[in-house]
1. Which value, in nm² and rounded to one decimal, describes the direction-averaged projected area of the C-alpha convex hull of segment 8-192?
2. Taking only C-alpha pairs under 8 Å that are 6+ residues apart, what is the relative contact order of segment 8-192 in percent?
3. Just for the Cα atoms in segment 96-139, what are the lengths along the principal axes, largest first, rounded to whole Å?
4. Using the scaling law 2.2 N^0.38 Å as the reference, what is the normalised Cα Rg of segment 361-417?
5. Read phi for every residue in segment 411-418 and hand back ³J(HN,Hα) as whole Hz from Karplus 6.51 cos²θ - 1.76 cosθ + 1.60, θ = phi - 60°, with x for Gly and Pro.
6. Charges only on Cβ, +1 for Lys and Arg, -1 for Asp and Glu: so what's the dipole of segment 196-459 about the Cα centre, in debye to the nearest 20?
7. Is there a pair in Lys94/Lys184; Lys128/Lys160; Lys160/Lys199; Lys42/Lys160; Lys28/Lys199; Lys205/Lys304 whose C-alpha atoms are over 26 Å apart, and which pairs would that be?
8. Kindly give the semi-axes, whole Å and largest first, of the ellipsoid equivalent to segment 206-286, taking each as the square root of 5 times a Cα gyration tensor eigenvalue.
Amino acid sequence: LPAPSPTTAVPYMSVKCIDVRKNHHKTKWLMPWGPNHCKKLKDFDEAVSRQIEANDIVFAVHIPLPSKEMSPWFQFMLFIMQLDIAFKMDNDLKENAEITLDVSLAYRDDMFDDWEEIAHAIEIRKLKCTFGSPKTVESEGRHYDCDFLPFMEIGSVAHKYYLINIRLPVNDRKGINVGIGEIKDIRLVGIHQNGGFTKVWFAMKTFLTPSILIIMVWYWRRITLMTRAPVLLEKVIFALGISMTFINIPVEWFSIGFDWTWMLLFGDIRQGIFYAMLLSFWIIFCGEHMMDQNERNRLSGYWKQVGPIAVGSFCLFIFDMCERGVQLKNPFYSIWTTEVGTELAMAFIIVAGICLCLYFLFLCFMVFQVFRNISGKQSSLPAMSKARRLHYEGLIFRFKFLMLITLACAAMTVIFFIVSQVTEGHWKWGDITIQVNSAFFTGIYGMWNLYVFALMFLYAPSHKNYGDDQSNGDLGVNSGEELQLTTTITHVDGPTEVYKLARKEAQE
């Protein structure tokens with residue numbers, strides 16, 4: 001409840017500056033306020049009366065607002081644009097109108113330094129506007145209701161002050177910025193991560209990294225002490241631990257001191273690898289508890305389930321490279337600016353959401369089958385000696401509990417993926433009202449770590465022996481055999497208890 005929200009949205013209003021030089025040179029930056037501020041225009045009526053052309057007007061936005069400064073703790077900056085367009089009979093907004101923006105971005109770390117250019121680009125954005133009133137003389141001056149436009153995204157906030165200069169070049173012969181209505185103002189909304197949330201996030205990663213590393217070393221040491229080779233499930237759990245460690249390692253600390261704009265892309269890749277590993281693990285985890293002796297312990301037996309996950313992850317990677325990969329060169333680029341790009345991006349989010357929901361239903365079905373197999377074996381329990389029966393009841397309870405936790409974790413992961421995609425998409429579409437509580441992000445992240453930790457702890461081979469006098473009346477488990485919550489072969493002698501409990505023959 002007291003945690004800071006993950007992001008903050010700050011509205012900015014551009015200032016109309018006059019640039020009356022004959023040659024618009026990129027080296028001169030126009031400041032909206034301060035000691036060296038530009039010559040300003042109140043509105044375009046003043047520009048007309050003073051015979052100032054549209055090409056001589058620059059919309060200037062200084063980030064942040066006066067008497068504040070940006071911080072590396074903000075991690076990223078995302079900007080969306082809103083145009084205030086008024087209706088005029090002689091300058092109406094055409095259908096499917098496109099606006100051409102000549103945009104430049106600069107930075108400085110001191111109020112008296114010169115501005116250094118970061119990027120310059122000429123971008124085209126489609127205008128999607130509606131007009132609620134009839135287009136008559138009486139309606140002149142009323143504003144169109146226009147959608148937000150994606151404007152810019154930067155993967156690091158390494159400097160204190162930023163300046164955006166936007167020109168709307170007009171060329172009647174080429175049809176550039178013709179038929180876009182009468183633009184009154186340009187507004188920007190800047191979204192950045194909260195510094196307080198960043199500190200909580202870094203602290204979590206710094207604390208959890210050694211925790212998972214220690215349990216991984218302990219787990220793998222337990223397995224290497226065995227006389228047999230590690231089996232598929234043990235390898236997959238270890239691989240899941242590696243992917244969790246990869247996502248945990250707090251490399252973000254470096255983003256405080258270095259201008260690493262690729263951190264957003266790197267974070268997406270890390271999360272993608274973890275998602276792919278987690279989804280694959282759940283399939284193998286349930287499958288290994290269901291399959292017959294000759295089918296299990298082979299990765300090739302799961303190619304039908306793991307294959308689509310790998311293909312989906314690769315598509316996700318390509319999609320991300322098309323957006324954030326290009327933004328490393330041009331922060332003003334957005335896949336959402338074109339019709340095809342928007343449709344592809346929307347289709348991806350919808351298809352990914354549907355596939356994840358279907359995956360979850362398939363996982364529920366597999367867990368149900370595992371439960372049914374175990375229930376079939378529970379009928380053998382009353383015939384056992386009391387100590388052996390209590391031992392097996394405890395084993396079954398722990399195993400069922402772990403399966404239910406797996407389902408809960410899967411459900412939360414699916415919800416988290418869909419919500420995070422929709423949230424990010426809403427920024428791009430321009431609906432800035434959506435806000436996910438920071439407890440949701442930290443909670444899901446903590447849940448993954450706890451789940452991986454619990455898996456390694458429960459599935460590490462045990463080196464304790466069970467009493468030799470209890471061998472009669474059990475499920476055929478050899479006396480003195482190691483006990484562990486695993487499904488795979490520990491000895492040449494035969495499988496462990498849960499393996500026997502969960503295999504298909506249990507129903508017979």
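1. So the mean shadow area of the Cα hull is 11.3 nm².
2. On the way: 398 pairs, mean separation 67.0, N = 185.
Relative contact order for segment 8-192 comes out at 36 percent.
3. 51, 21, 13
4. Details: Rg = 14.3 Å, N = 57, 2.2 N^0.38 = 10.2 Å.
Taking the Cα Rg and dividing by 2.2 N^0.38 Å, one obtains 1.40.
5. Values, residue by residue: 4, 5, 5, 4, 4, 4, 4, 5 Hz.
6. Values: 20 positive and 14 negative charges, 290 e Å.
Here the size comes out at about 1400 debye.
7. Numbers: Lys94/Lys184 17 Å; Lys128/Lys160 34 Å; Lys160/Lys199 19 Å; Lys42/Lys160 28 Å; Lys28/Lys199 37 Å; Lys205/Lys304 34 Å.
Over 26 Å apart, Cα to Cα: Lys128/Lys160; Lys42/Lys160; Lys28/Lys199; Lys205/Lys304.
8. Working: eigenvalues 168, 53, 12 Å².
Each semi-axis is √(5λ); the values are 29, 16, 8 Å.
The values are calculated or read from the model by the stated rules, or taken from the named source; none is laboratory data. This one's a predicted model, so the numbers in the text were calculated from it and none came from an experiment. Note that each Cβ is placed from the backbone with ideal geometry, even for glycine, and that neighbours are counted across all protein chains shown. For the accessible areas, the whole protein counts, side chains as well, though only heavy atoms, and no ligand, DNA or RNA atoms are used. Shrake-Rupley method; radii C 1.70, N 1.55, O 1.52, S 1.80 Å.
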